[in-house]
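Read through the structure below, which is laid out as structure tokens, and then see the notes.
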Amino acid sequence: MPSPTTVETLALRVQVSAFAGPTLPPGYAELLREGLGGICLFGPNTGAGEDSVRSLAAEIRTASAEGGWAPVITIDEEGGDVTRLEALTGSSVLGAAALGAADDLALTEETGRAVGVRLARAGINLNLAPVADVNSNPDNPVIATRSFSHDAGVAAKHVAAWVKGLESTGVAACVKHFPGHGDTGQDSHVSLPVLDADLATLRDRELVPFLAAAEAGAASVMTSHIMVPALDPELPGTLSAPVLGLLRELGYEGPIVSDALDMAGASAIRGIPAAAVLSLAAGADLLILGPDKPTSLVRDTAAAIVAAVESGELPLERLEDAVARIDTLLAAFAGAQQPEAVLDPRFEERSLEGARRALATASDDLSEIPRLAGAQVVTVDTEANIAVGDVPWGLPPDIVIRPGDPLPDLPDAPLIVQVRDAHRRPEVGRTVAELPGAVVLVEWGWPGAYDGTGLPRLCPQGFSLPGVAAVTEVLRRSGWNR
């Protein structure tokens, strides 16, 4: 048996944790010197702007280098609804659903490249994106517009294009959430969803985009905390050897990255350290602990991994293999970031064109929108899922209403009402029905079956700044004068 120090270092190398704030805390600097695998950046780390993120990334690299390591510096930057670097303004690039609807592979690849340029400039080497889930369940509360399509073939070709664009800038991709979170009706942040599909369906639908991503050179794959009874009736995917073994059977050799282990689907009944051991034993390589974690959790998780090796629960060879896969990824992308990579000079214009096409494919007949002179914007505000977080969405509102609250005094003017995922939120529909001046509905979420109580609907298929521009154009053609 190797010395405890050696195993303890390996137990740190497989962990990626996170802290609050734009500067590196001393306790985390010490962990990085000791071998902590890396840091995942969230909104509280990025709110001070890109220069601040770049400085923070440099601090992380310096601390790791003092211990002789190279760190993983990672983030969720999907574009569209999920953005960390542009969390104060909203994403400047189209999200997955809009790109899939526009169906311009060159635009999708250039969007991945644009995200990569921004991440490379910030000093980030691994992006937890794109989403490869097929959103076959329109009531999915956590994937929705983060998916390129409800169609596996469409999702696959756009996932591959986005990966190619991102990795052309020297930033590694991590496609998610294997084996596919799209046909579920629960959010694994707060529960344990079940993907009730047989193996043939999985191969024909869920696995198709992941295969396309592997063929496109995706550097890593993220697991999902969902039950897949066709593969394992006992454990969620992140903790399941049959589920993660399937990924290896498909020919994928890069590191397997866990979704955040603080999510209920992974650790609600067992705690994060125990979930970490199970995930490693099942075949995961890089463990994401989740946002804003104390250093004590990292050390407790390392201790649990060391104890599992000493007891034989976790073979030392499995732990060493995990670190080797992480090191291979880091070596492949070491110094490869290209912050000055050249984008298509027409990228912004083509993004707007894509937003227009996405809007046209899902919206009602735009000629039915009534005159909007003097119209005001009403937001029916609902909480976003945890993956999206508290970020701007929609047109700047004149009035904000929460479903179930008493209605405020409303102006004697046409109302442009904006919502998110009204088809799965009956309380939103009831609120919209109570607005006597409502004349048009803007649905910023997945364009589901909600009929808008007869109002003409505009469906940009996710929020982004190009989407705002496309919606604004349509409204102004009907006389909106903001």
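The values are calculated or read from the model by the stated rules, or taken from the named source; none is laboratory data. All figures in this text were calculated on a predicted structure; none of them were measured in a lab. When we count neighbours, we look across all protein chains shown, and the Cβ atoms used for this are built from the backbone with ideal geometry, even at glycine. Only protein heavy atoms, including side chains, enter the accessible area calculation; ligands, DNA and RNA are left aside. Shrake-Rupley method; radii C 1.70, N 1.55, O 1.52, S 1.80 Å.
What to note about this one:
- Accessible-area composition of region 280-319, carbon plus sulfur, in percent [1.4 Å probe]: 53 percent
- Relative contact order, whole percent, for region 142-206 stands at 33, derived from Cα pairs under 8 Å and 6 or more residues apart.
- When the alpha-carbon atoms of region 101-256 are used, the pair Rg, Dmax equals 14.7, 44 angstrom.
- Solvent-accessible surface of region 99-163, taken per residue with a 1.4 Å probe and all protein chains present: 21 Å².
- Zone residues, region 165-203, relative to residue 264, backbone N less than 11 Å from point 7 Å out along Cα-to-Cβ: 186-193
- Heavy-atom accessible surface of region 325-482: percent carbon and sulfur, 1.4 Å: 51 percent
- For region 444-473, the residues whose backbone nitrogen is under 20 Å from a point 7 Å from the Cα of residue 365, taken along Cα to Cβ, are 450-460.
- Where labels lie 7 Å past Cα in the beta-carbon direction, separation of residue 65 and residue 453 in nm: 6.0 nm
- Computed over region 1-114: relative contact order in percent, which uses C-alpha pairs under 8 Å that are six or more apart: 21 percent
- log10 of Debye I(q)/I(0), alpha-carbon scatterers only, for region 72-163 at 0.11, 0.19 Å⁻¹: -0.28, -0.82
- Among beta bridges that DSSP assigns inside the chain, antiparallel share in %, nearest 5: 5 percent
- Sequence ranges 245-256, 90-101, 209-220, 330-341, ranked by mean other-Cβ count within 10 angstrom, highest first: 90-101, 209-220, 245-256, 330-341
- Length gained when the stretch residue 349-residue 33 is fully extended (0.36 nm per residue, less Cα-Cα span): 109.2 nm
- Relative contact order %, the chain, counting alpha carbon pairs below 8 Å whose residues are six or more apart: 16 percent
- Computed over the Cα atoms of the chain, the ratio of the radius of gyration to the Kirkwood radius (Rg/Rh) comes to 0.99.
- A simple spin-label model places the labels of residue 151 and residue 481 4.3 nm from each other, with each point 7 Å out along Cα-to-Cβ.
- With the highest mean first, a sort of the peptides 154-160, 302-308, 143-149, 189-195 on other beta-carbon atoms found within 10 angstrom per residue produces 143-149, 154-160, 302-308, 189-195.
- Rounded, prolate or oblate (a/c below 1.5 giving rounded, otherwise prolate when a/b exceeds b/c) for region 356-482 by Cα gyration tensor: rounded
- Rounded, prolate or oblate (a/c below 1.5 giving rounded, otherwise prolate when a/b exceeds b/c) for region 157-211 by Cα gyration tensor: oblate
- Residue 398 contributes about 80 Å² of solvent-accessible surface, heavy atoms of the protein only, 1.4 Å probe.
- Spin-label model, residue 194 to residue 105: label points 7 Å out along the Cα-to-beta-carbon direction sit 3.8 nm apart.
- For region 188-303, accessible area per residue (1.4 Å probe, heavy atoms of protein chains only), Å²: 34 Å²
- Spin-label zone in region 75-104 - amide nitrogen under 14 Å from a point set 7 Å from the Cα of residue 50 along the C-beta vector: 84-93
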